[in-house]
Structures are given as structure tokens and as C-alpha cells.
Amino acid sequence: MRLFLLLATTAAVPAWAQTTPTPSSDPANVTTSVTAAPAAQGTSLVDPAAAQTPPALPPAGSPSDAAAATAEAQGEAGEGEEIVVTGRKPVGSVVGDIPPEQTLSPADIRSYGVSSVADLLTELSPQTRSGRGSGGAPVVLLNGRRIGGFSEIRDLPTEAILRVEILPEEVALKYGYRADQRVVNFVLRPRFRAYTLELDDRIATDGGRNQPEVEGDWLRVNRTGRTSIHLEYNQASALSEAERGIIQAPGGAASAGNVTLADGTILGVPAAAANGALAAGDFLATANPSDQARFRTLLPETKSFQANGVYATSLTDRIGATFNARVEHNVSDADRGLVAGAFTLPTGTPFSPFAEDARVTRAFPELGALGQHVESTDAHLGASANGDQGRWRWTVNANADYAASNTRTQTGLDTTAFQALLDAGNAIANPFGTFDLVRTPDNLGRSRSTNLSLDTLATGPLFSLPAGDANTSIRVGASSADFSSRSTRAGVVQQPDISRDIGNAQVNLDLPIASRSRGVLSAIGDFSLNANVAADHLSDFGTLWTLGYGANWSPLRGLRLIYSVTEEDEAPSAQQLGNPQVPTAGVRVFDYVRGTTATVTTVTGGNLALRADTRHVTKLGATLQPWSERDINLIANYVTERVDDPIASFPAASAAIESAFPDRFTRVNGDLVRLDTRPINFARRERSELRYGFNVSFKLKSKIQKELEAFRAGIGPNPFAGLRPPGGRRRDGDAQPDGSGARAAANGGEQPAAAPAGDAPGGRRFGGGRGGGRGGGRFGGGAGGGRVQFALYHTWNFTNRMTIADGGPVLDLLNGDAVGGSGGQSRHEIEGQAGYSNNGLGARASLNFQSATRVNGGTPTSPQTLNFGSLTRLNLRLFADMGQRVDWVRAHPWLRGTRVTLSLDNAFNQRQRVTDGTGTVPIGFQPGYLDPLGRTIRVSVRKLFF
């Protein structure tokens, strides 16, 4: 029964609602008495004396049963009850005066049915997506502190999370990041321990590929720190073009051979041609079909192993340290088609019945497929320290990363000697028969990269104003990166060595102007201004600057408006500047000018002429929580962006692009044969979008909650009677009410305080202990009950224009122009989620939609329109958390901590449909190319051993 007592420490009172909060430097932390809300939002004032009211006892029963029922009721039925606490910010919250746009409780997290922090972030991608600048993945914090790298927390099980906070991009400035990434703050439970084993397999319903995976984890979180070890192995089988019915281009390399005449006519070679010369009329009127599909992979065979370890501990009462080591090894094998050869068959030679020179193409299946083997190893070492000095908080992160990659690519045939025999009219040189084949040497590639970085951050108050403290964050950092490679292609050796050293600094200042709580200009609500400046000095590019400013205004409770402006310089990467130029033959690209798929030689590499781009981003955002007692949030963000000299990969082969960069295109008789795809600078890019949506979460009363209420009212039996809790003996004092000191620093930041150790009736203590720290909610406790959740976001792209060159054409990506191979920009994008979780059973659905686009290809005199249809993808997931079904656990104790998941990704097996003006699907846009996998089914079994 100790487990149920311990559940009260993690479930009865949310971590932010502690009667003894950890001291904070945030001026917004004003001590008042409020009513606890599960999501740490919408509090209201109540009588402080109520905080001393003990929980009601259930009817008469055994002492252990009474204690168990009381504790479990605190976790299950107690969520949403009136709990009086002091009105400070939640322990582990971020610094500053910008509250979360969304906060997830343990029950909310559990309703997603995912296993790790990384999985949860994937599920939260609609809420964490940023519309600003070049930002990608969100900034991730742990317990309100900056971490050394995502690998520190990526593998933590979701059961160890106390709450998740999602915040706007402006909060990133307070942690030394740029304002182009949203912020996600994970707050861990004060104690947790579990071993986790997960087995799963993903199978494509169209066949051809399966992806088994096994993961093992060990995690321990306690007063002095945390330790975690993660091991993972996965593999995936190869998927060939034949398994997706890919149609090969006419006249491609076939085992029987094909002949292409000067006028473009393609004839099939008959089998009899291998035995001697034939007349022109003996050749087939249609080309022999290519059999390359069986020997060309859409997705390679892969194997991957990962190991990740984290150790966090306290160095002193106010300083904690975290150490992280990770290694990952990947192996990939792909087939690139049969060995093929192409010969010029001169007229008048013994085996040519044609009146002009012809071109012969053949594939040689006896030599097997051309293979590409890639092995890569990535290693990471990180160390970080954080602590408090007075009202200031500081963090130091040091990281070392190493990556190594080796690639071996088989090439084709050396036809030089045989072509010389054909040119000489040799009587035995039959291009349709058997002859000696000479393979060209394999292409070899080897790369090594190292990256060392040191980063320091300090945040705290500079001075006081009537409305509160003026807080600042100061970041100073340095990094050194080196990239070296050696490649051997067609006997040519290249050995580039690229390095870049960076020194940077950033300062952010927040000035409170008005404050309701302090009675300063309270008529206008809460209002603050902020400004930031950053400088980056690059050893190979000079100094780049970033300037920003904004305002944060809450005119009414529940409504917050944010305005921000950012001016930012961004340099090309060292690889974009200095990578070697590498030609690659046999690459398929769509030629918008001709309206056909061309097989070309592409040139990749760096471009020393690249310039830095300059971004000007303006954002106006609003967050509304109409009802403080309900989990309903409305969010809207309007963003405009202008980029001068934007850096981009070389765009699609359209007429406008070819006119602006004619030296990048090589054509023979109008056919595209060579394309220089090295990165370029456009003149300007302008875009604007409005993204708005809502999050809604409703609580459901589970079966256990109802039974507990009946038990407490004396009209029902104890649902936990006879159920032996897991775990060992309780250790008194394991849960302390004070979250400061060594425990705070050791866990990578401000550790959540445990629930106050209040006396239960009968002299029993609601304290910590081994069981509570390890489970947190194994029988549905921990902010228990069910959830119904909805989220819907709509992105409306108003403008998206690209000026190719000063004085040159302007591409409207929303109205028929494109700079990439996947069409223009969709005007409308929709992301939706729905979830249900109760009594241990859950279901989730996620929907992604993008509207149709078109590309006006060809030339003004000969247009070639390409239509990209709309695309809707629906993912479904069903899961059963056995440990939350007390009746099942009573009958089968081994089910405790077990979850079974069935996922269906791309449930309708949808792929974007691309057609030309005649309604035909171009060769290069076949569905199998656009989405090789299609619909997949994933089955997962996960077990936690407490």
C-alpha cells in the first residue's frame, strides 16, 4: 500500500502548486493564495486558511485500505479539486514574464500514448512549429534551464515528465537563442526510476519493406541527480522500384538493348542480333522495356545502433553538472541500377544497317546491380554546469562532436577500348553480342568533421523599475568546426579541408512598464518592452549582426499580445562555400522547359561567390484563454519576412531560372544534359502568412475515479483491495518539501519540489519513497483521469515571392512559379489532432492537408503546365495502457507497466498526384517516387519495470 501513499506526492498536488516554492528571481512571483488549476493557468484568489484542510477520510475499513484509497483519490479524483497554494510561478518554469501558450499535465502527456521525449515532440509538432525565419526544431529546456544538447533528454520516458510548457519564439531570446524557434520546457518529476523495454515493427501495406526496432532504457531521477542509459537497434529492408511499379523511361538501358537513331526514334534490338549483322527492318519497332526497376532501390537497406548515456549530479548546494555521451553507427546499402553501357555505332560498320550514326544502350545483368555502401559514425560528448548566484542564474555548456562517413559507390563500364574497335570497323566488335567488359574503378568518399563549442549564459535583474525588475540575459560563446574529406571519382582525387571559427555574444533586455500586481499603470494591464543585440564573428566571413525589439502586452487576464521585429544577418555554411565540385551522372530531374523528365549530369559542391543574406521579420501574435477554469487556448500569429540575398539550393529547371542563370544549364539539341546545382543567392524573397488555431482539452472521469468516489462515500468497495503495490520499502524523508539546494542543481536545473509532507489523518505521512518516485501513476494516478483533446491550426499564406536577380523576373510561388522540384507553395495548410484517453485505452488521429499548386512551365510561346494536387494525410494510433486497468493488473500482475500500440500512418495511402497539361503523370513524379512507403502499420509492445 505504500505505493498509493506515495502517489499522493506526485499526483495530489501539481508541482507548480507547492506551499513551499523554490525561490525565484522572477519579479512576477508574488506570494498570494490561489486555487490550483491543473494546467497552471487561470488561478483565482481564495482563503489561505483552506490550505490547512486535510483530505477527507474514506469510510471505515482497514488502515492500509483507507490510506491507499485516500492517496489514490488524491491522484485520480483530486485533479481539479480546490487546492490552496501560494501564487508563485511553477517550479521549473522559464524566466521572464511570458507565460506558456500551452501547458500539458501528466494526464495530458499520457493521452498522447507515446514513449519518449523525442516521440512527444513529434506529436506536438503542430503546436511547436515556428513561422519565423529559418528556425527548425524548437528550443528545448529542462526544468526551465538551458541544456547542453537534445540528446540529454531525447530518450527520457514520458512517465518521468511532470509537465510540458510550450512558449513563443520571444522566450528563446531569454536563453541566448535567436527568435526563430519556439520553446518547449520539460519539467521532470522529482523522483522516478524504471527500466524500459520496447519492441516494435513497421510494415508497409503495399509490401516490400519492414522496419523492426528494439529499445532499452534505464532511468533514475532522485534528490541528487539523474542517470540514464539508452540503447537502440533498428534495421529496415530495401525497397526497389519494381516493388512500387515504377515505369522506366522509354529507351532506357535494357538487357536486350535499344538503338536510338539521329531523329530520336528508338528501336528494340532483337535477340538474333547477338549472332551477327541484321537488316534495319529486323529491328523491333518499339524499344525493349528496361529491366532496371528490379535493380534500383527507392529506399536502401539500413542498420543503425545507438547508445546514449547521461549523468547529472550536484557539485555544491547551488551548482549542478550534467555529462552526456552518445554514439551512433549507421550502415546503408542501396542499388543504383544494372551496370549499363552506351556506344556510338558508326554508319557503314559491319553491324550497322542504318544510314546514320546510331546510339546503342545495353544493360548487363550478369554483372549485377551497381551498389552504394555507406557507413557513418557520430559521437558526442557534452558537459554542462548550472547554478544560482544571488538572484542571477547561469549556465555553461561545452560540447564536442565528431562525425565520420565512408562511401563506396560502384560505377559502370569503361567503354573506351570497345568504342575504338567500333570506330575502326572491327569485324568482331558486335555491340549486341558478348564481349569483354571492363569495369571502371569505384568512387570512394571519406569525410571527417569535428565541432567544439563553449557557451555561457547568465540571466538576472539589472535594476528595479516601479513595475518590476529589468531582467537581462547575456550569452557569450565560441565554436570551432573543421570538415575534411577525400573523394576519388573517375580517378580524380579531391581533398578539401574547410574550417570555421566563430565568436559570438548576445544581450537581451526586458523592461516592465505596467503591472497589475504592483498597481503601476494597472489600467492598461501588464506591459513590457524588450530589445536584443547579437554579434557573430566568423573567421572566414567577417562579423554579422542581429538586432531585435518588441513588446509584450496583456490588456486583460487571459489575453496576451506580442509584437516583435528582428533584423538578422546569416552567413552561408562553410560547406556551401568550400565543398568540392562533384559531377554525378544519371540523375533524374524534371525539365519544366521541355515538360519532360531528363537524365542529366549534375554538379554539386560549394560556391565561393555566395553572400550573406539579411532577414527582416515582423511578428504580431495573440494568445487567448477565454475561460480560466478550462483548458481552451486560441492562438494566432501574423508573420511577414523579407530576405535580401537569400541563399538557396539551385532551383527547378524552369524557363525563368534558366534565363537568369544561363551558365548553369547545358543543352544538346534542346535536351537538358548537364545542370550545375551549386547553391546561389537570389536577389530577394518576400512572404507573409497568418497561422491561427486552437487547443482544447476536456477531462474525463475514469472508472477508477468513480469507484473511489463511491468508496469514499461509503456506498462501494475499495477498488484496490487485495492489490499488492510494486516497489520496495518506503524510505522516510525521501520526499522533501524543499526543492532548492543540491536537488535543484543536480537535475540539470531547477528541480520540481516534492509535494509537502503533510500529516494524513491517523498520523500517516504523505511522503516520498521509492515507489512513488518510480511510478508516478501506475494505476492511473498522477493527475489521473481521461482526456479528450483537439487541436486545429490553419496556415494561410498571403504572399510568397522570389526576385531572381536585381531587375530580373519575380517568381510568385503561390501562382504558378516554383523554385523547387515539388511544385509551388500551397496557399492553405491545415494541421489537426484529436485524441481520446480513458480507463487505460486511447486513440489519436492527426491530419495534415496542403492545397493544390501548379507550375507554369515551358516558355511563353509553348507553355507546359504541371499540376500538383492537394494532399491529405491521416495518421491513426490506438493504444492500451494495461497498468491503468486495475482489474487487469489484479488478474495478471505482469501487465503492470505494459502498453500495446497499433499505429496506422497515411491511413488512406495517399500520395500527391502530379499531372501535366494532358493529364499524364510524368515519369519523374510517379507516386512511388514521391512517397515510396505509402501506408504503414506499426505494432509496438512496451514494458516498464519499476
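The values are calculated or read from the model by the stated rules, or taken from the named source; none is laboratory data. Remember, predicted model here, so these are calculated numbers, not experimental data. No Cβ is skipped: glycine too gets one built from the backbone with ideal geometry, and neighbour counts run over all protein chains shown.
Restricted to segment 786-865, the set of strands (runs of 3 or more DSSP E) holding at least 3 residues that are closer than 25 Å to ARG685 by Cα, touching a residue at least 40 places away in the same chain (Cβ under 8 Å) and of a type outside the set (D, E, K, R) comprises 786-803, 853-859.
Has segment 310-321 got at least one residue that is among the basic types (Lys, Arg) and closer than 30 Å to LEU422 by Cα? Within segment 310-321, not a single residue is among the basic types (Lys, Arg) and closer than 30 Å to LEU422 by Cα.
Being within 30 Å of HIS373 (Cβ to Cβ), hydroxyl-bearing (Ser, Thr, Tyr) and under 26 Å from the mean Cα position of the chain (by Cα) narrows it down to one residue among SER484, SER499, SER479, SER449; which is it?
On the way: SER484 fails: under 26 Å from the mean Cα position of the chain (by Cα); SER499 fails: under 26 Å from the mean Cα position of the chain (by Cα); SER479 fails: within 30 Å of HIS373 (Cβ to Cβ).
Checking each option against the conditions leaves just SER449.
Taken together, the residues in segment 317-360 that are more than 25 Å from ALA293 (Cα to Cα), under 25 Å from the mean Cα position of the chain (by Cα) and surrounded by fewer than 20 Cβ atoms within 10 Å (Cβ to Cβ) amount to 6.
Highlighted here are the strands (runs of 3 or more DSSP E) found entirely within segment 395-495 that include at least 3 residues which are modelled with pLDDT of 90 or more: 443-465, 468-489.
Please verify whether segment 893-908 includes one or more residues that are within 29 Å of ILE247 (Cβ to Cβ) and polar (S, T, N, Q). Reasoning before the result, please.
First, pick out the residues of segment 893-908 that are within 29 Å of ILE247 (Cβ to Cβ): 904-908.
Keeping just the survivors that are polar (S, T, N, Q) gives 906.
Checked segment 893-908: at least one residue is within 29 Å of ILE247 (Cβ to Cβ) and polar (S, T, N, Q).
Would you call SER485 under 19 Å from ASN406 (Cβ atoms), in contact (Cβ under 8 Å) with a residue 24 or more places away in the chain and touching a Ser or Thr at 6+ places or on another chain (Cβ under 7 Å)? Spelling it out, SER485 is indeed under 19 Å from ASN406 (Cβ atoms), in contact (Cβ under 8 Å) with a residue 24 or more places away in the chain and touching a Ser or Thr at 6+ places or on another chain (Cβ under 7 Å). Contact map, segment 230-252: first residue over 19 Å from ALA334 (Cβ atoms) and free of Cβ contacts under 8 Å to residues at least 40 places away in the same chain, second residue buried (at least 18 other Cβ atoms within 10 Å of the Cβ) and aliphatic (A, V, I, L, M), Cβ cut-off under 6 Å, separation 6 or more or different chains; pairs are PRO250/ALA287. Taking (1) surrounded by fewer than 21 Cβ atoms within 10 Å (Cβ to Cβ); (2) touching a residue at least 12 places away in the same chain (Cβ under 8 Å) in turn, PHE879 satisfies each apart from (1).
Yes/no per residue for (1) assigned to a strand (DSSP E or B); (2) of a type in the set (S, T, N, Q); (3) in contact with a His (Cβ under 9 Å, 6 or more places away or on another chain):
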residue	(1), (2), (3)
ASN324	yes, yes, yes
GLU328	yes, no, yes
SER332	yes, yes, yes
GLY348	no, no, no
GLY371	yes, no, no
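Cβ-Cβ distances below 8 Å connect the following pairs, each with a first residue in segment 882-905 that is within 16 Å of PHE946 (Cα to Cα), a second residue that is in a helix (DSSP H, G or I) and aromatic (Phe, Trp, Tyr), and a separation of six or more residues or different chains: MET882/TRP888; LEU895/TRP888.
Return the residue satisfying two criteria in turn: it lies in segment 642-669 and is charged (D, E, K, R) and part of a strand (DSSP E or B), and of such residues it is nearest to PRO583 (Cα to Cα).
Of all residues in segment 642-669, those charged (D, E, K, R) come to 642, 644-645, 658, 663-664, 667.
Restricting the remaining residues to those that are part of a strand (DSSP E or B) gives 642, 644, 667.
Details: ARG642: 34, ASP644: 30, ARG667: 16 Å.
Within segment 642-669, the match that is nearest to PRO583 (Cα to Cα) is ARG667.
Answer yes if at least one residue in segment 266-289 is of a type in the set (Asp, Glu) and closer than 25 Å to GLY924 by Cα, and no otherwise. If you could, list the steps in order and put the result at the bottom.
Here is the first cut: in segment 266-289, the residues of a type in the set (Asp, Glu) are 282.
Next cut, closer than 25 Å to GLY924 by Cα only: none.
Within segment 266-289 (the criterion being of a type in the set (Asp, Glu) and closer than 25 Å to GLY924 by Cα), the answer is no, since none of the residues qualifies.
The set of residues from segment 589-622 being hydroxyl-bearing (Ser, Thr, Tyr) and under 27 Å from VAL855 (Cα atoms) comprises TYR592, THR596, THR597, THR599, THR601, THR602, THR604. In segment 361-380, of all residues being surrounded by fewer than 17 Cβ atoms within 10 Å (Cβ to Cβ) and aliphatic (A, V, I, L, M), the one that is nearest to PHE305 (Cα to Cα) corresponds to ALA379. Residues that are more than 18 Å from PRO99 (Cβ to Cβ) and under 30 Å from the mean Cα position of the chain (by Cα) were ranked within segment 510-539; the one that is surrounded by the most Cβ atoms within 10 Å (Cβ to Cβ) is ASN532. The residues in segment 509-552 that are among the hydroxyl-bearing types (Ser, Thr, Tyr) and not in a strand (DSSP E or B) can be counted, and the count is 3. Out of all the residues in segment 663-677, is one or more of a type in the set (Phe, Trp, Tyr), farther than 30 Å from ALA622 by Cα, crowded, with 16+ Cβ neighbours inside 10 Å and touching a residue at least 40 places away in the same chain (Cβ under 8 Å)? Within segment 663-677, none of the residues are of a type in the set (Phe, Trp, Tyr), farther than 30 Å from ALA622 by Cα, crowded, with 16+ Cβ neighbours inside 10 Å and touching a residue at least 40 places away in the same chain (Cβ under 8 Å). In segment 872-899, the qualifying residues are those that are in contact with a Phe, Trp or Tyr (Cβ under 7 Å, 6 or more places away or on another chain) and outside any helix (DSSP H, G or I), and the one that is farthest from GLY924 (Cα to Cα) is GLY897. Only one of the numbered conditions (1) loosely packed, with under 15 Cβ neighbours inside 10 Å; (2) touching a Pro at 6+ places or on another chain (Cβ under 9 Å); (3) at pLDDT 85 or above is violated by PHE908, and that is (2). In the set THR898, THR915, only one residue is under 27 Å from the mean Cα position of the chain (by Cα), of a type outside the set (Gly, Ala, Ser) and surrounded by 15 or more Cβ atoms within 10 Å (Cβ to Cβ); that residue is THR898. Every listed requirement among (1) assigned to a strand (DSSP E or B); (2) closer than 30 Å to ILE923 by Cβ is met by PRO555 save one, (2). Whenever a residue of segment 608-634 is farther than 30 Å from VAL788 by Cα, its partners that are acidic (Asp, Glu) and in a loop (DSSP other than H, G, I, E, B), lying with C-beta atoms within less than 6 angstrom and at least six residues away or across chains, give the pairs ARG611/ASP645; ASP613/ASP645.
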